[in-house]
């Protein structure tokens with residue numbers, strides 16, 4: 001079981017009791033505006049999402065690390081952060097980072113704080129050589145987090161995805177293990 005601690009947060013594997021909070025997050029139209037492929041419309045859909053997270057946490061060949069973010073003092077649920085293994089090689093692993101939290105916590109540095117903890121875990125415990133993340137170019141808050149993490153902009157994709165009936169551009173950022181060592185050392 002994964003349990004990471006920061007000054008304010010606990011980042012941990014999911015438990016069955018997370019379903020109500022997880023559903024509130026996954027079904028929130030404003031929070032999930034840029035993540036339509038993850039948005040759920042029923043508690044049953046959210047339960048399937050939770051089941052994937054719990055099953056992965058118990059897998060010997062884990063490739064998905066979908067974690068809950070909670071307040072260290074109150075244990076209140078804040079949101080989600082995770083990485084998915086995209087490549088497993090003799091040179092190290094490549095992961096994709098994702099995050100989204102309840103709106104009432106936006107703008108408080110929570111995603112940046114939890115992302116730092118998870119990046120550190122990936123580079124030190126999961127043999128990560130590279131971690132990527134990206135967002136719709138209009139999602140300025142998400143891109144701001146990538147910049148705060150000192151990630152390097154690696155790509156800008158023009159007319160890359162369709163969102164809410166319009167074609168949109170996307171950006172992608174990266175962190176290499178050697179960049180992380182310089183940044184965190």
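Here residue 125 does not qualify as more than 17 Å from residue 84 (Cβ to Cβ) and out of contact with any helix residue (DSSP H, G or I) (no Cβ under 8 Å at 6 or more places or on another chain). Of all residues in the range 169-185, none that is free of Cβ contacts under 8 Å to residues at least 40 places away in the same chain and on the phi > 0 side of the Ramachandran plot has its Cβ atom under 7 Å from the Cβ atom of a residue that is assigned to a strand (DSSP E or B) and surrounded by fewer than 18 Cβ atoms within 10 Å (Cβ to Cβ), 6 or more apart or on another chain. Figure legend. Inter-residue proximity from the range 52-71: first residues closer than 20 Å to residue 101 by Cβ, second residues at pLDDT 95 or above and assigned to a helix (DSSP H, G or I), beta-carbon distance below 6 Å, spacing 6+ or different chains. Indicated pairs: 64/56; 66/53; 68/18; 69/114. Against the definition (within 23 Å of residue 3 (Cα to Cα) and surrounded by fewer than 16 Cβ atoms within 10 Å (Cβ to Cβ)), how does residue 109 come out, yes or no? Taking the combined requirement at face value, the residue satisfies it. Checking 48, 102, 67 one by one, the residue that is surrounded by fewer than 20 Cβ atoms within 10 Å (Cβ to Cβ), under 17 Å from the mean Cα position of the chain (by Cα) and either on the phi < 0 side of the Ramachandran plot or modelled with pLDDT under 95 (or both) is 102 and no other.
The values are calculated or read from the model by the stated rules, or taken from the named source; none is laboratory data. As the structure is a prediction and not an experimental result, all values here were calculated from the model. Cβ sites come from the backbone with ideal geometry, for glycine too, and all protein chains shown count toward neighbours.
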